[in-house]
């Protein structure tokens, strides 16, 4: 029989095992974030010989009044508004297709997941070549062939109307494999007895999808949608390599502005303030996730 001493021993053992992970979180996450919060209330500049001054909420007031920063938030929101539903829908379609007994489906699963393995920097460089301007550019040549020559060549990455759609297409192609794997695992976890019962009840394929598949994928779908939304606000590599926020701010994002402020313009305090705002946005998305994932009827 285990007494109070045994319970304390287990608690101490659990604390000892968790201590390295908690120390890592404190050292590499909590302390840098606290430092960022403190810096955001100063006028610190990188390499400045002058001592930093406490300026209160001035950095945040300047950010909220800056049209370029408001444009960055709007770009992130529009990027997420397209990527999240389109990428999730495409991943669901691929998962449903590859969940069937098809010849060579293991090869197709690997091919669709392969872009996720490649570093985004490498993927972005390859897609810069794909988006090359002029009729010899691969994307322009493909669209010209598909439209029978009606397509006029465009400079995708330097055209304000096409730069963000170009980044969206790249991001969907690169990230859909991750969502596909998660949803495929969710599909394989749905009991086959549910589908058999639905067939016995006379449910059509659409009815089985609507009343068996979608309810069974509720948690995986919410998970991949929320993770994709968070990653949409972390959009940086593609922008830095392919457009550098241009043209005319058409592709600038929150993280790009934070890095540009802190390292390109040496405005460390402004970059820290942007980081804090980004953290608050991620917290809001995570809170929405917890609310959506809470089982019905469970109190807060």
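The values are calculated or read from the model by the stated rules, or taken from the named source; none is laboratory data. Bear in mind that the values here come from a model prediction, so they are computed numbers and not experimental data. Heads up, the Cβs are rebuilt from the backbone with ideal geometry, glycines too, and the neighbour counts pull from every protein chain shown.
With respect to residue 279, is the statement that it is surrounded by fewer than 18 Cβ atoms within 10 Å (Cβ to Cβ) and closer than 18 Å to residue 46 by Cβ true? Judged against the criteria, residue 279 is not a match. Of all residues in the range 229-242, those that are at pLDDT 90 or above, under 22 Å from residue 36 (Cβ atoms) and part of a helix (DSSP H, G or I) total 3.
Identify the residue in the range 141-165 that is touching a residue at least 24 places away in the same chain (Cβ under 8 Å) and touching a helix residue (DSSP H, G or I) at 6+ places or on another chain (Cβ under 6 Å) and, among all such residues, is surrounded by the fewest Cβ atoms within 10 Å (Cβ to Cβ). Step by step, filter the range 141-165, then rank; the result is 157. Contact annotation: residue pairs with Cβ atoms under 7 Å, 6 or more positions apart or on different chains, pairing a residue in the range 196-215 that is surrounded by 13 or more Cβ atoms within 10 Å (Cβ to Cβ) with a partner that is not in a helix (DSSP H, G or I), are 211/203; 212/190; 213/190. Cβ-Cβ contacts under 8 Å between residues 6 or more apart (or on different chains), taken from a first residue in the range 79-95 that is touching a residue at least 40 places away in the same chain (Cβ under 8 Å) and at negative phi to a second residue that is crowded, with 16+ Cβ neighbours inside 10 Å and outside any helix (DSSP H, G or I), are listed as 79/235; 79/253; 92/217. Restricting the range 25-40 to residues that are farther than 22 Å from residue 253 by Cα and surrounded by 11 or more Cβ atoms within 10 Å (Cβ to Cβ), the residue that is farthest from the chain's Cα centre (by Cα) is 38.
So is residue 111 out of contact with any helix residue (DSSP H, G or I) (no Cβ under 7 Å at 6 or more places or on another chain), at pLDDT below 90 and part of a helix (DSSP H, G or I) or not? When the stated conditions are applied, residue 111 passes them. Scan the range 96-108 for residues that are in a helix (DSSP H, G or I) and crowded, with 16+ Cβ neighbours inside 10 Å and the total you get is 2.
A residue that is modelled with pLDDT under 90, over 26 Å from residue 234 (Cβ atoms) and in contact with a helix residue (DSSP H, G or I) (Cβ under 6 Å, 6 or more places away or on another chain) can be found somewhere in the range 83-102.
Would you say residue 69 is under 25 Å from residue 236 (Cβ atoms) and touching a strand residue (DSSP E or B) at 6+ places or on another chain (Cβ under 7 Å)?
No.
Condition check: assigned to a loop (DSSP other than H, G, I, E, B), surrounded by 14 or more Cβ atoms within 10 Å (Cβ to Cβ) and either touching a helix residue (DSSP H, G or I) at 6+ places or on another chain (Cβ under 6 Å) or in contact (Cβ under 8 Å) with a residue 40 or more places away in the chain (or both). Does residue 245 satisfy that? Yes, satisfied. Among the residues of the range 166-195, just one is under 16 Å from the mean Cα position of the chain (by Cα) and free of Cβ contacts under 8 Å to residues at least 24 places away in the same chain, namely 169.
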